Amino acid sequence: MNDGIHGMLPAEKMSPGAKKLRDTYALKPDAPLFQREFGFYCLGRWKKEGMPEDVPKEKLFQYDPPGDHSLHGLGWCEAAFDPPFPEEIIEDRGEHEVVQDHAGRHVLCFKGRRSGFMPDYLDHPVKDQKTWEENCKWRLDPGSPGRRAGHDDRMKAARDSAARGLMITQRVIGGYMYLRSLMGPEDLLYKFHDNPELIHDCMQTWLKLADPIIAAHQEHVTLDQLFIGEDICFNHGPLISPEMIRKFLFPYYRQLLSNVQKRQLDQGRHLYFQVDTDGRAGDVISLYQEIGMDVMSPFEVASGCNVVEIGKIYPDLVISGGIDKRVLARGKDEIDRHVNSILPAMKKRGGYIPTCDHGVPEEVPYDDYLHFRRRCLEFS
């Protein structure tokens, strides 16, 4: 039954955005480039510069209609706690304040401004086995009542999207990002060496939460993609060794991917596996391909990522990102040079989605972003 759930919807019945995105994932050479953006940190400035506030961004910047539909509930940058930690002010420091956030971290931020910039992370909830069990582990129970809230409505939206051919994507916080949110980036490195049993307990809990939640989704739809937010690289490469990645993360990823594939309503459907990481991502591509990675994003240029070169080395990799957000603040001539160096080659190759390598920063003028969008549309 080719209804988009039990069998792939015929191409002629897919929505335009769905067909275009699926062509991208199929690595079709010279296919029109799918148009969307990573995100924005500049909308306040753009409103002052004349950006209409009553026009949806999709129309204003001529992005393609949606090609996928995302399922959430398993975290992204922080663990999916239910209940979350209470958000409260811990300490007043004049212009700044120390706040406990929903992930149990103590963060130093400007008073009354807890988003839109990177705070200082002062403390994390997991120090040892005792604090893990007392503070966090019980908040990752897949059977907690809050996890069912809105389930029926979410599944109806997913089924409706699948019936239009949209790719159904399950988003999950990746293992490294999850562990870092629990322990902090520095203490985590010591724990890998000093307390590997704690790391494995945390990862077993990650799997015990993700697997049944995804299984409940799979009763209604076939997944096209499992997408993890990993952020495992910095500007010179991965933050932990390949051996540590294979030891502490990959066994749980393999098990989850295997379980998901076995439960698919459409057993013939390919399950794409996407990894999102900032930093110098090229150094871990072959590593994650060991467990079936098909797609990677967003290829931070400042850390040495060149999507044209990466596309040549890995011809079977679907690539999203790779547009240097800093260049968009350097004027139209620089934008033209950058676009000309990437988009013609990547359109010819196929399997590429041109987005910034992170959210568009505040330094980018509205008119220059419009110029960038006009150049992208030449390849759409």
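Summary of computed values
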read-out: Search result, residues across segment 115-146 that are hydrophobic (A, V, I, L, M, F, W, C) and within 14 Å of Leu179 (Cα to Cα); value: Val126, Trp132, Cys136, Leu140
read-out: Subset of segment 77-127 [of a type in the set (Phe, Trp, Tyr) and either free of Cβ contacts under 8 Å to residues at least 12 places away in the same chain or assigned to a loop (DSSP other than H, G, I, E, B) (or both)]; value: Phe81, Phe85, Phe117
read-out: Matching entry among Arg159, Arg93, Arg148 (being farther than 29 Å from His200 by Cα, modelled with pLDDT under 95 and not aliphatic (A, V, I, L, M)); value: Arg93
read-out: Residue list for segment 137-157, restricted to those being of a type outside the set (D, E, K, R), assigned to a helix (DSSP H, G or I) and either out of contact with any Leu (no Cβ under 6 Å at 6 or more places or on another chain) or surrounded by fewer than 16 Cβ atoms within 10 Å (Cβ to Cβ) (or both); value: Trp138, Pro145, Gly146, His151, Met155, Ala157
read-out: Flag if Leu271 is more than 21 Å from Leu33 (Cβ to Cβ), assigned by TED's automatic domain parsing to the domain that holds Leu226, surrounded by fewer than 19 Cβ atoms within 10 Å (Cβ to Cβ) and touching a Pro at 6+ places or on another chain (Cβ under 6 Å); value: no
read-out: Residue within segment 19-32 that is assigned by TED's automatic domain parsing to the domain that holds Arg263, part of a loop (DSSP other than H, G, I, E, B), among the charged types (D, E, K, R) and surrounded by 12 or more Cβ atoms within 10 Å (Cβ to Cβ) present; value: yes
read-out: Residues located in segment 3-18, provided they are surrounded by 12 or more Cβ atoms within 10 Å (Cβ to Cβ) and either farther than 26 Å from Gly311 by Cα or outside the structural domain of His220 (by TED's automatic domain parsing) (or both); value: Asp3, Gly4, Ile5, His6, Gly7, Met8, Leu9, Lys13, Met14, Ser15
read-out: Considering residues of segment 165-181 that are in contact with a strand residue (DSSP E or B) (Cβ under 9 Å, 6 or more places away or on another chain) and either small (Gly, Ala, Ser) or assigned to a loop (DSSP other than H, G, I, E, B) (or both) only, the residue farthest from Pro119 (Cα to Cα); value: Leu166
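Yes or no, residue by residue, for (1) outside the structural domain of Arg269 (by TED's automatic domain parsing); (2) closer than 22 Å to Leu287 by Cα; (3) surrounded by 22 or more Cβ atoms within 10 Å (Cβ to Cβ):
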| position | (1), (2), (3) |
| --- | --- |
| Tyr176 | no, yes, yes |
| Leu189 | no, yes, no |
| Gln218 | no, no, no |
| Gly237 | no, yes, no |
| Ile240 | no, yes, no |
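The values are calculated or read from the model by the stated rules, or taken from the named source; none is laboratory data. Note that this is a predicted model, so its numbers are computed, not measured. So basically every Cβ, Gly included, is an ideal-geometry build from the backbone, and we count neighbours across all protein chains shown.
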